[in-house]
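Undergrad: I am attaching a structure below and will ask some questions about it afterwards.
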């Protein structure tokens, strides 16, 4: 039984949902937000004892409302997971729309900033806490046709390193996980967009992803959730400031 208070953004679907479900199964108190009202309602029906709030991570007023709900429900926080992010457009830099660029950066970086700013206030008082941000192997390599996404994910790595330095003396650990290609609906959409941008079939894109990974496989949301729980275990108690790839070892992104 885990007696911890967990906050997750984008927690009603994908990786965020898998992490939320694993913590609930372990007995933790979990609060999530998500932009998708249908997904939030479904989550709340399935997990009536959890807190689920519809919120857009790029809108400060939405997030302040979510955090107020978290304060009332949790009375503090032990672990935060910033799972919110979007794949963004797939195009050469000269063909990108500025609004899509800004949206990609805002969802991934601005939303993460709002979350960690709130969490830091609680964790410094407690002199303890774990912050886990979601980057990507795109935060470790260049990523042709996906520059907004790569920039956002590299930013997450930089934020991780900086916050680990800022907060370590207060007993707070900060790490980011860098997933490779994660099976699921979101990656299906990414593959479709990349196939159009490159002028190739979706199967070619899928094959290229696998070919560039040493283990010749995609990863699952459970793989990412397992890493979060490792970091939140005694075995991970001295790990901070790290960008941890869970990807089967990406050799290149093309």
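The values are calculated or read from the model by the stated rules, or taken from the named source; none is laboratory data. Keep in mind it's a predicted model, so treat the numbers as computed, not measured. Neighbour counts run over all protein chains shown; Cβ positions are idealised from the backbone, glycine included.
Undergrad: If you check every pair at least six apart or on different chains, which have Cβ atoms under 8 Å apart with a residue in segment 58-74 that is modelled with pLDDT under 95 first and a residue that is in a helix (DSSP H, G or I) and surrounded by 14 or more Cβ atoms within 10 Å (Cβ to Cβ) second?
TA: Cβ pairs passing all conditions: none.
Undergrad: Within segment 178-195, is there a residue that is out of contact with any helix residue (DSSP H, G or I) (no Cβ under 9 Å at 6 or more places or on another chain) and under 24 Å from residue 92 (Cα atoms)?
TA: Yes.
Undergrad: Among the listed residues 56, 62, 110, which satisfies the condition of being closer than 22 Å to residue 123 by Cα, surrounded by 15 or more Cβ atoms within 10 Å (Cβ to Cβ) and over 14 Å from the mean Cα position of the chain (by Cα)?
TA: Answer to the check: 62.
Undergrad: (1) part of a loop (DSSP other than H, G, I, E, B); (2) under 20 Å from residue 173 (Cα atoms): which one isn't true of residue 89, the others all being true?
TA: (2) is the only condition that residue 89 fails.
Undergrad: Also, quick follow-up: From the residues in segment 182-204 that are modelled with pLDDT under 85 and under 17 Å from the mean Cα position of the chain (by Cα), which one is surrounded by the fewest Cβ atoms within 10 Å (Cβ to Cβ)?
TA: Looking at residues that are modelled with pLDDT under 85 and under 17 Å from the mean Cα position of the chain (by Cα), I get 185.
Undergrad: Based on this model, can you work out whether residue 48 counts as surrounded by fewer than 24 Cβ atoms within 10 Å (Cβ to Cβ), part of a loop (DSSP other than H, G, I, E, B) and out of contact with any helix residue (DSSP H, G or I) (no Cβ under 9 Å at 6 or more places or on another chain)?
TA: When the stated conditions are applied, residue 48 passes them.
Undergrad: Have a look at 132, 157 and point out the one that is under 13 Å from the mean Cα position of the chain (by Cα), surrounded by fewer than 20 Cβ atoms within 10 Å (Cβ to Cβ) and outside any loop (DSSP other than H, G, I, E, B).
TA: Among 132, 157, only 157 is under 13 Å from the mean Cα position of the chain (by Cα), surrounded by fewer than 20 Cβ atoms within 10 Å (Cβ to Cβ) and outside any loop (DSSP other than H, G, I, E, B).
Undergrad: To continue, here is another question. Restricting segment 3-34 to residues that are more than 20 Å from residue 179 (Cβ to Cβ), in contact (Cβ under 8 Å) with a residue 12 or more places away in the chain and out of contact with any helix residue (DSSP H, G or I) (no Cβ under 7 Å at 6 or more places or on another chain), which is surrounded by the fewest Cβ atoms within 10 Å (Cβ to Cβ)?
TA: Here the answer is 3.
Undergrad: Could you identify the single residue in 207, 222 that is surrounded by fewer than 17 Cβ atoms within 10 Å (Cβ to Cβ), in a helix (DSSP H, G or I), out of contact with any strand residue (DSSP E or B) (no Cβ under 9 Å at 6 or more places or on another chain) and in contact (Cβ under 8 Å) with a residue 60 or more places away in the chain?
TA: The match here is 222.
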